[in-house]
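The values are calculated or read from the model by the stated rules, or taken from the named source; none is laboratory data. Model, not experiment: these values are computed from the prediction. Quick reminder, even Gly has a Cβ in these numbers, built from the backbone with ideal geometry, and neighbours come from all protein chains shown.
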Amino acid sequence: MSDENKKQVFNQTATGALILANGEVFYGQGCGAIGEAVGEVCFNTAMTGYQEILTDPSYTDQIICFTFPHIGNTGTTPEDEEAATAQAQNAARGAIFKAPITPASNWRSQSELCDWLKQRGIIGLSGVDTRALTSFIRDNGMPNGVIAHAPDGKFDIKALAAKASGWNGLVGADLALGVSTQENFDWREARWVWPKGYENKEGVKSVVLIDYGVKRNIMRNLVSSGMKVTVVPAKTPAKDILALKPDGVVLSNGPGDPAATGKYAIPIIQEIIAADKPILGICLGHQMLALALGAKTMKMEQGHHGANHPVKDYTTNKVEIVSMNHGFAVDQDSLPENVIETHVSLFDGSNCGIQLKGKPVFSVQHHPEASPGPQDSFYLFERFANAL
């Protein structure tokens, strides 16, 4: 049988497909939700924590290709959800796997991953050459694509490719408002501790967290470090934040283009800086703090997505392995003279941390809360607590 005939037979048995904007197609077996979804295709190199990844609001409007071949082993549980609000729960548009979803084999599991994907409206695709797709992204950048699941195997490839190429993408997109809380709420849950699980704690210092798409484990780490957390919507005016009399302010992670979100966020952050409040920024919060201080941000080719990224902390000269999830970065050449670069990626030298000279105002590009990933960076929450 010729290669072309083999391809035709495989296409006839496929129930799922990923169609890129350039017309390239990856066929496989669909799972989870039925239908189609458009998004930016990225790859994640984490070996564990697929549920935390899929519920991270920072993945809004993205289709995630998992490079680890076996996904599904630990099943799913509500305890591993990372989205803090209902509107942020279905951030990721799709998930791509090498092998069929593995049956759950874990005492904490409450449902199979395939059932969970279907319940959450997330389209899954297995049987894909994820190494080839990852290589494509590495060489060409993160493409727009459509992930589709049709049990009858019928796909209008031309129309789906047109949908992918016609999508505006993430540049210029303010996605934070779509995942931010709509009203203030308090958070008192601390980190998971064996064998008790999550416990509530009452901290001493109070912090206001501006929600651009916050992960639960950020808030848990703040509580475990002795803080009382009040979460506010992304557009909350600075005067309302300062009226809560916080000891410090946290700028959360989140999705989209920081320059777009910064149109309303930057003036708020600048007022808080002027009020001499300690500030901790994480991921999108890091990028917007940099913008508020006069730096610039830029779109990355393939981004950083995984739980095995080496970062150097210049303030201690230590190297930590961290969790990453971002497609934009701070342009380190644009940092003003009053801003110090504190962390840098040892993969590509990109900026991963800054601090305002002489003030307890600092931020990191990576995710110190992990979930999933190593806990090397938990010290940042203690550093922030000490700054209060």
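Number of residues in the stretch 80-138 that are among the β-branched types (Val, Ile, Thr) and over 21 Å from the mean Cα position of the chain (by Cα) equals 3.
Considering the conditions (1) of a type in the set (Ser, Thr, Tyr); (2) assigned to a helix (DSSP H, G or I); (3) surrounded by 23 or more Cβ atoms within 10 Å (Cβ to Cβ), residue 212 is excluded by exactly one of them, (2). Taking first residues from the stretch 265-279 that are among the aliphatic types (A, V, I, L, M) and partners that are part of a helix (DSSP H, G or I), the Cβ contacts under 6 Å between residues at least 6 apart in sequence or on separate chains come to 265/288; 266/291; 266/292; 268/238; 269/292; 272/238; 275/242. Scanning the stretch 336-388 for residues that are touching a helix residue (DSSP H, G or I) at 6+ places or on another chain (Cβ under 7 Å), farther than 22 Å from residue 218 by Cβ and hydrophobic (A, V, I, L, M, F, W, C) returns no hits.
Among the residues of the stretch 316-344, those identified as more than 17 Å from residue 369 (Cα to Cα), out of contact with any Lys or Arg (no Cβ under 6 Å at 6 or more places or on another chain) and hydroxyl-bearing (Ser, Thr, Tyr) are 316, 342. Exactly one residue among 180, 126 is more than 20 Å from residue 61 (Cβ to Cβ) and surrounded by 13 or more Cβ atoms within 10 Å (Cβ to Cβ), and that residue is 126. In the stretch 94-150, counting only strands (runs of 3 or more DSSP E) that sit wholly within it, the ones holding 3 or more residues that are assigned by TED's automatic domain parsing to the domain that holds residue 71 and farther than 20 Å from residue 80 by Cα span 144-149. Among the residues of the stretch 288-322, those that are closer than 13 Å to residue 58 by Cα and buried (at least 24 other Cβ atoms within 10 Å of the Cβ) comprise 304, 305. Do we find a residue being within 27 Å of residue 46 (Cα to Cα) and surrounded by fewer than 18 Cβ atoms within 10 Å (Cβ to Cβ) anywhere in the stretch 366-374? The answer is yes, given that some residue of the stretch 366-374 is within 27 Å of residue 46 (Cα to Cα) and surrounded by fewer than 18 Cβ atoms within 10 Å (Cβ to Cβ).
Of the residues making up the stretch 229-255, those that are more than 21 Å from residue 362 (Cβ to Cβ) and either among the β-branched types (Val, Ile, Thr) or in contact with a Gly (Cβ under 9 Å, 6 or more places away or on another chain) (or both) are 236, 255.
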